[in-house]
Each structure stands twice: as structure tokens, then as C-alpha cells.
Amino acid sequence: MDILLTYVVPAIHVVLCLFLITVVLLQTGKGADMGAVFGGGSQTLFGSGGAGNFLTRLTTGMAMGFMLTALILTYGSRRAATSDLLDRLPVAAPIAPPAGAPVPGPGATAEPPATEGEPVVPVEPAPPAAEAPAGEPAPATP
């Protein structure tokens, strides 16, 4: 069914559109004889009965087919997509540090990089301040 709505109906729609344009351009206008452009009157092109009745019926048939295929294409495009593009995006992974770089542990602070010839001294986080009982001043930290 999807192949029919994707390839066959649009192809028929385009062909009907081109035939409808051609049939409308072949008809004679009021006051101007367009059939003369094709080397003679339209009476001789379409037989002794004239082109009026034949081209009118052909135009009506082409217009009905064009409108029918347009409605079918509209119905086919009405179906909602089952997924959205944003739903298909991958979840962002955490960024890994470069290879060979030390990974800080929990509670670690950022250290400035050591320069050449200078010893690396790890910085330890300060211990949390002890809570003083009510009424006593808190002990001073050095």
C-alpha cells in the first residue's frame, strides 16, 4: 500500500496534470481560434462533429482524475509519523578525560598543573568544622 501511495499515484497525478494542461490549451477560446495555430481549424482536427464536445468531455474526465488523485495523495500524507527525529537522537554520554590524565576522586579539588622541576604535592581537602555545643564558642581552626 505504501508503494502505491509513494510511486504509482503521484506518477498518475503528474501524467493527468500534463494531459489536463494539454487538453485545456487545445480548446478554442472565445473570440480567438487557437486551433489555427496547429495548421487549420479545430473542425478538421477532430472530425466533422467538431472538437467542442470531445474536448469538453476529455477536459472533464482529466479534471475529475486529477482531483481524485489529489484527494488520494492528501489522504496518504495525512497519516502521522510514528516517531519524531528528536526521539531518535542518542543520549549524550559523559565526556571522558584525555588518556593518561589523573581522574579526581570524590571531594577532590582542582590543582594547578605542576611545572617542570617542581615536586607535586597533593592537596588534601580541609576537614569539616566540628559543631560546638550550644552556648560554647566554636573552636578556631588553624
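Since every read-out is calculated from the coordinates, none of them should be taken as a lab result. Everything quoted here is computed from the prediction, not taken from an experiment. Using ideal geometry, Cβ is built from the backbone for each residue, glycine included, and neighbour counts are taken over all protein chains shown.
If R0 is 25 Å, the Cβ-Cβ spacing of VAL24 and LEU73 corresponds to a FRET efficiency of close to 0.75. With a Förster radius of 41 Å applied to the beta-carbon distance between ALA101 and ILE3, the computed FRET efficiency rounds to 0.15. If the segment from ILE12 to GLU124 were pulled out straight at 0.36 nm per residue, it would be longer than the present Cα-Cα gap by 32.5 nm.
Stretching the chain fully between LEU89 and ASN53 yields a gain of 7.0 nm (0.36 nm per residue, less the alpha carbon separation).
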